Structures are given as structure tokens and as C-alpha cells.
Amino acid sequence: MTDLTRRAALTLAAAGSAGAVASLSTTASAAAPAGGPAGGASWTRLPDVPANTTDWHEAIPVGEAYWTQLGLAGPIAGAHGDHLIVAGGANFPEPALTATRANTLGKVYWTDAFVYSRRTRRWHAAGQLPDAVGYAATLSTGDGVLVIGGEGYRGGPGGTLQRPVEKFADVYRLRWDERRARLERAELPPLPRPLSYAVAGIVDGVVYVAEGGDFYGLDLSRPERGWATLPRWPGDPRTVAVGAAQDGRFFLLSGRSQGADKAWTFHRDAYAYSPRRRRWDRIADLPWCVTAGLAHPVGRTGLVVVGGDKDIDRWNLIEHHVALRAAAPPGSAEWQRQNDIVTWIYDHHTGFNGELLRYDTRRDRWSVDGWFPGPPPATTPAVDWDGDLVVASGEVGPGIRTPRVWRAEF
């Protein structure tokens, strides 16, 4: 199919898709497996995120009859007023080609932006971001969706087999101008260093960001002062952690770190930073790892953690065979054998954490509080939409995404 035909097909598909993306709205309780707790959340499935529209490479079947949204890991996701914004993100869009199968582009980072209206219950195309961005920290505020860092490509979509990914220090707000039907971007001071996979929260008007071994703060009432470097938590440096603000504190949970010997450690420790006391305190350990999950404040003293990965044995097995693959000559029989093993483990991945964990900030106690209603997510932001939790897209297995959008009322 030629570019012209593909684009024409995409235009026709978009014209007929408005009703389709508005038609689905189902409700599910946070039902557990037999004998498990029902939980305190009521889940509603919103319409799926629409398909990406940027027809930028022949290896991606944008505009084909079967083309749909595969789902996005690390999308920008946040709420602004009556609108849910989902933009950027990354996936593996080449047919039948995922993380360990030979492909042309590798992991693709996108620029497409979409907006869902709470009033019309429809998604709308919202143009393009200036850069392809994934794995930024995002926060919903009354002034727009705050986007912090991330990684990807300047100027348009790109794939990891085309050129190396660039990390960003950009910080900005995205707002949806309903009258003009466009996204508006307002710049804020950049981070002290480029970073991705960070976690963030706002306490008393100050944004706190943690990643690696660094902890930063930006006073939104005095942004011209820039970011302050703050003392980090007493535990190990980490990435792909979980973070959120609740009860006047910023919480940093779980994550993983790699030692000098290249071995990975998955963390269950958790910490709370009190701006008023200017100190970190270690809180009760999580019952298991929630690496790459998400956290949402509930009420005055609750913190709910959704998704993430706790299967350390599987991760270590994958890393073992990845190391054996790396030690073999590229393209050799041994390289292919190890790659087949990694692919087999990926293909039979059983999913991420299905349990919802709730932390009581006053009692310093963790408990299981129900189950996620669909394939559990990782690497997607927790969207606070007027107190409700929205989980938009995300990763549900290695290289596998979901286009589904869920809203939880607690």
C-alpha cells in the first residue's frame, strides 16, 4: 500500500472512529480471585486510547484496516479540568516483532497527543508534541498537566535501532484549550540533569522529584528560583520506583538498582519525606516489590499502589540469559539460542502484580485492598482526576502494551 493510500485510509478510519471510541463504558468491581478480598474500589472502563496517526515509517502499518492502538508504555498522562490528556509514549508497532525479535525500528517513541472529554465521553486527536517523549514523571494540577523529564527524540518519532534515545531535562505544563481545540505548552525551569523513569508529587505547592540517587524540589509559587537539590532518602539509589504525595509527605516506594557486578536488586523498602520536618523517615516495608507500578492518594491517610513487578526470580532468569546472549558472538548459534530463551520467557510472561496494596499513613501499615480489574499495568502514570484514579494504557508484559483506560472511585 502506498503512502497516499495509507494516509487516505487513515483519514477515512478517523472520520468513522468517533462513535467507536465513545461507545465503551463498563463498570467492574475490584473483584479478587476466589477467597480474596473484594476491595474498596469501583472500576469503570473508559474508551480505549485511539490509534496513533503519524504515518512516519513504512515498517509501521499506520492506516491499514487492522491498525489500532497497541498501547503505550510511559505515556504523558494527566487530567486538566474536564479533559484527560494522553500523549507520547513508546511501543513496538511492527507486526509480529517485539522486544527480542529482529525488527527495523526497535522501541518506537511517539509524538501523537489525544484528549478525552468527560462531558462528551469521546477521544479527540490533539495534534503532535514537538518531541517524541516517554517515561516522564507527570502530575495533574489545576493549571495543567506537569511533565518532568523523560526520554525519546527531538523533533519527531524515532526508534531505538535508528539512533540512541536522548534523556530530557525539560519541565513544562500541558493545557487543553477547548475553545481553540489545541494543546498549549508552558515552560518551567529545567531539571538539574536529564532524567527519565522519575517519580514526583506535590506537597504544599512544591514539586518533589526522585530518581536514581537524586532528590529535587521546585516551588511552583517561585519557579524562577529553579530546582533545589535536596538530601536523598537513606536507602539505596534506585530507578523505576513508585512515588506519590499524601498526608503532607512525599512517599518513595520500591524500585530497582544495579550493582557494580551488574546484578539487580528489587527493593521493598519505603520512605517518606516531610517538608515541614525537612527529613526522611523509613516506613514499613512493602510486602513485595512494586517496581514500575503507580501510587494514588485516597482520602486523608490512604495510599493505594497498583501494578508493578514483584517476580524477582523471573527477572533474574531473564537477566541471566541476556548476559549469556551478550557474551556470545552476535548472530552465532549460541546468540540465537539465548535470544530464543529470552523470547520464550517473554512470550510466557504471566503479568504484573494484580493486587492493590493500601498503605495507612497514620498506622504505618500495608494491606491488600482488592485487585486490578484487567491485566495489571506497569510504566504508566497514576492520573488523579478530581480524586479518582485513572490508569491510561501502560505495559502489561515485556514489550506488550494495552490501550485500555480504567477509572477507579474509592
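The values are calculated or read from the model by the stated rules, or taken from the named source; none is laboratory data. Everything numeric here is computed off the predicted structure, so don't read it as measured data. Heads up, the Cβs are rebuilt from the backbone with ideal geometry, glycines too, and the neighbour counts pull from every protein chain shown.
The rows are residues; the columns are (1) within 23 Å of Gly150 (Cβ to Cβ); (2) touching a helix residue (DSSP H, G or I) at 6+ places or on another chain (Cβ under 9 Å).
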residue	(1), (2)
Val207	yes, no
Phe215	yes, no
Leu218	yes, yes
Thr239	yes, no
Phe250	yes, no
Gly255	yes, no
Ala270	no, no
Tyr273	yes, no
Arg277	no, no
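Could you pull out every one of the strands (runs of 3 or more DSSP E) wholly within region 94-213 that has 3 or more residues that are out of contact with any Lys or Arg (no Cβ under 9 Å at 6 or more places or on another chain) and in contact (Cβ under 8 Å) with a residue 60 or more places away in the chain?
112-117, 122-128, 137-141, 199-203, 206-211
Which of (1) crowded, with 20+ Cβ neighbours inside 10 Å; (2) modelled with pLDDT under 95 does Asn353 not meet, given it meets every other one?
It is condition (2) that Asn353 fails.
Return yes when Ala292 is in contact with a Ser or Thr (Cβ under 9 Å, 6 or more places away or on another chain) and either of a type outside the set (Val, Ile, Thr) or surrounded by fewer than 23 Cβ atoms within 10 Å (Cβ to Cβ) (or both) and no when it is not.
It is true that Ala292 is in contact with a Ser or Thr (Cβ under 9 Å, 6 or more places away or on another chain) and either of a type outside the set (Val, Ile, Thr) or surrounded by fewer than 23 Cβ atoms within 10 Å (Cβ to Cβ) (or both).
Out of all the residues in region 266-273, is one or more small (Gly, Ala, Ser), on the phi > 0 side of the Ramachandran plot and under 24 Å from the mean Cα position of the chain (by Cα)?
Taking every residue of region 266-273 in turn, none turns out to be small (Gly, Ala, Ser), on the phi > 0 side of the Ramachandran plot and under 24 Å from the mean Cα position of the chain (by Cα).
Quick check on Asp48: is it closer than 20 Å to Pro157 by Cβ, in contact with a Leu (Cβ under 9 Å, 6 or more places away or on another chain), of a type outside the set (S, T, N, Q) and surrounded by fewer than 23 Cβ atoms within 10 Å (Cβ to Cβ)?
Here the answer is no, as Asp48 does not meet what is asked.
Scan region 194-243 residue by residue and report those that are within 23 Å of the chain's Cα centre (by Cα) and hydroxyl-bearing (Ser, Thr, Tyr).
Selection gives Ser196, Tyr197, Tyr208, Tyr216, Thr239.
Quick one: what pairs do we get from region 43-56, first residue among the basic types (Lys, Arg), second in a loop (DSSP other than H, G, I, E, B) and buried (at least 22 other Cβ atoms within 10 Å of the Cβ), C-beta under 8 Å, 6+ apart or different chains?
So the pair list comes out as Arg45/Pro373; Arg45/Arg404.
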